[in-house]
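Okay, so here's the structure we're looking at.
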Amino acid sequence: ATGEDRRLAFTIAVIVLSAKMAKADGHVSRDEIAAFKRVFHIPPDEMQDVGRLFDEARQDSRGFEPYAEQIARLFAREPALLEELLGSLFHIAMADGRLHPEELDYLRRIAVIFGFDARVFERIRASLGESEDEDPYTVLGLNRGASDAELKRVYRDLSRENHPDSLIAQGMPKEFIDLANGKMAAINAAHDRIRKERGLA
């Protein structure tokens with residue numbers, strides 16, 4: 001697929017997945033629509049087409065799998081991008097102030113299609129501040145028994161994958177970059193907290 005094909009497929013899938021995410025709890029709120037527009041900056045001249053597709057997709061939360069599968073295939077080599085997309089869907093889900101069980105279930109099912117296991121899912125959730133679990137180990141996707149060397153390696157990998165500069169290089173929307181900045185701050189804070197707890201300089 002060419003860059004333009006990928007961009008178009010990504011855009012359509014993002015609109016459909018966001019609309020069906022908003023519908024997952026049975027009701028699409030104005031806050032969720034506003035969050036979608038904020039996260040995925042839609043040019044005014046495309047607003048009508050996007051609105052039509054969004055309205056069509058939000059009739060029913062079912063049938064999202066083919067769209068998630070297409071994205072997973074197109075971006076199989078770019079897990080950081082899939083992570084940012086999942087993070088954006090979390091953002092829309094939380095727009096009305098709470099994460100409903102149906103929304104959480106929907107997000108989990110998308111995570112599985114994207115190839116993320118339960119630990120990665122909880123790490124993404126925690127790094128976005130959407131988890132009840134404030135454990136810094138969860139934010140980094142580590143066990144408490146992880147060695148200092150493992151802590152260092154995981155932190156280095158997460159920093160590289162989630163660094164806003166790498167997303168800018170991939171031509172990602174500004175809103176993805178903003179979310180990545182917030183996520184990077186959570187990853188840094190968790191790393192600092194563990195280092196302090198362990199007495200590492």
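Largest GNM mean-square fluctuation among D60, D148, D31, using the chain with Cα springs under 10 Å: D148. Would you mind checking the tilt of helix 118-127 against the longest principal axis of the Cα atoms of the chain, expressed as 0 to 90 degrees and rounded to 10? Here the helix axis deviates by roughly 90 degrees. Would you be so kind as to identify which of P43, A72, I12 lies farthest towards the positive end of the dipole of the chain, taking Lys and Arg as +1 and Asp and Glu as -1 on Cβ and the Cα centre as origin? Towards the positive end, the residue furthest out is A72. Can you tell me the orientation of helix 65-74 relative to the chain, as the angle in degrees between its alpha-carbon axis and the longest Cα principal axis, to the nearest 10? So the inclination is approximately 60 degrees. Between the residues A185, G63, L81, the greatest Cα displacement towards the positive end of the dipole of the chain, with unit charges on the Cβ of Lys, Arg, Asp and Glu, is found for A185.
Just check region 8-112 against the gyration tensor rule for me: Cα atoms, a ≥ b ≥ c as the square roots of the eigenvalues, rounded for a/c under 1.5, and otherwise prolate or oblate depending on whether a/b exceeds b/c. Rounded is the answer for region 8-112, as its axis ratio a/c remains below 1.5. Ordering L107, A149, H27 by the projection of their Cα atoms onto the charge dipole of the chain, which places +1 on the Cβ of Lys and Arg and -1 on the Cβ of Asp and Glu, puts A149 at the extreme positive end. With the highest mean first, a sort of the peptides 76-88, 187-199 on other beta-carbon atoms found within 10 angstrom per residue produces 76-88, 187-199. When +1 charges are put on Lys and Arg Cβ atoms and -1 charges on Asp and Glu Cβ atoms, the dipole computed for the chain relative to its Cα centre reaches about 540 debye. Carbon-plus-sulfur accessible fraction, region 1-68 (probe radius 1.4 Å, protein heavy atoms only): 51%. Helix-only arithmetic for the chain: the sum of -39500 (n - 2.57) across DSSP H runs with n ≥ 4, divided by the residue total, places the mean residue ellipticity at 222 nm at -22000 deg cm²/dmol.
Counting heavy atoms of the protein chains only and a 1.4 Å probe, report the per residue accessible area for region 1-72 as a whole number of Å². Heavy-atom accessible area per residue stands at 56 Å². For the chain, the share of alpha carbon pairs falling in successive 10 Å distance bins from zero is 9, 35, 36, 15, 4, 0 percent. Computed from Cα atoms, the angle from the helix 3-23 axis to the main principal axis of the chain rounds to 90 degrees.
The values are calculated or read from the model by the stated rules, or taken from the named source; none is laboratory data. In this text the structure is predicted, and so the values were computed from the model without any measurement. We place every Cβ from the backbone using ideal geometry, glycine too, and count neighbours over all the protein chains shown. What goes into the accessible areas is simple: the full protein's heavy atoms, side chains included, and nothing from ligands, DNA or RNA. Shrake-Rupley method; radii C 1.70, N 1.55, O 1.52, S 1.80 Å.
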